[in-house]
Amino acid sequence: MSMKEKLTIGKLAEAANVNIETIRFYERKELIKQPQKTGSFRTYSDDYVQRVIFIRRAQELGFSLAEIGELLALRIKKASKCSDVLERAEQKIAEIDLKIKDLKRMKKSLKGLADCCEDTSLPLSECPILDCF
């Protein structure tokens, strides 16, 4: 792709490996700006591809759309530093650690319930797992 290439929404979606509705969704959430129409359709510059890829990757890492908006805003602010992004990443790590702790607790509880079910031929009305809820 050349630096000056303009992309249709379909080509942008293809280049960023998302669907067209994802692009429209990001526009509605104001994570990417919808370009003006040139002629009968809108064209997107090459930098949109990297922005969409960034948004998608940040979502995969557990960042909410609001948090992604904050990260994108940091790129624009001249006074922003790497430490600003690091702080947000460390906050996300702490949130993930709490979720892991909660998931392990839930797993342990469910395992205990599953271990109570020795006779799987019992009628549903006598299921020890359901009795524990």
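The values are calculated or read from the model by the stated rules, or taken from the named source; none is laboratory data. These numbers were taken from a predicted model, which means no experiment stands behind them. Please note: Cβ atoms are built from the backbone with ideal geometry, for glycine as well, and neighbour counts cover all protein chains shown. All accessible areas refer to the heavy atoms of the entire protein, side chains included, with ligands and DNA or RNA removed. Shrake-Rupley method; radii C 1.70, N 1.55, O 1.52, S 1.80 Å.
Side notes on the structure shown:
- Qualifying position, being closer than 16 Å to Leu7 by Cα and modelled with pLDDT of 95 or more, among Ile68, Ile96, Ile53, Ile100: Ile53
- Checked against the criterion of being in contact with a Pro (Cβ under 8 Å, 6 or more places away or on another chain) and more than 28 Å from Lys6 (Cβ to Cβ), the candidates Cys117, Cys127, Cys82 yield just one match: Cys117.
- Verdict on Ser40 being without any contact (Cβ under 8 Å) to a residue 12 or more places away in the chain and either closer than 30 Å to Glu5 by Cα or not acidic (Asp, Glu) (or both): yes
- Number of positions in region 116-129 that are assigned to a helix (DSSP H, G or I) and open to solvent by less than 90 Å² (accessible area, probe 1.4 Å): 3
- Of the criteria (1) closer than 30 Å to Ile129 by Cβ; (2) free of Cβ contacts under 8 Å to residues at least 12 places away in the same chain, which one Leu113 fails: (2)
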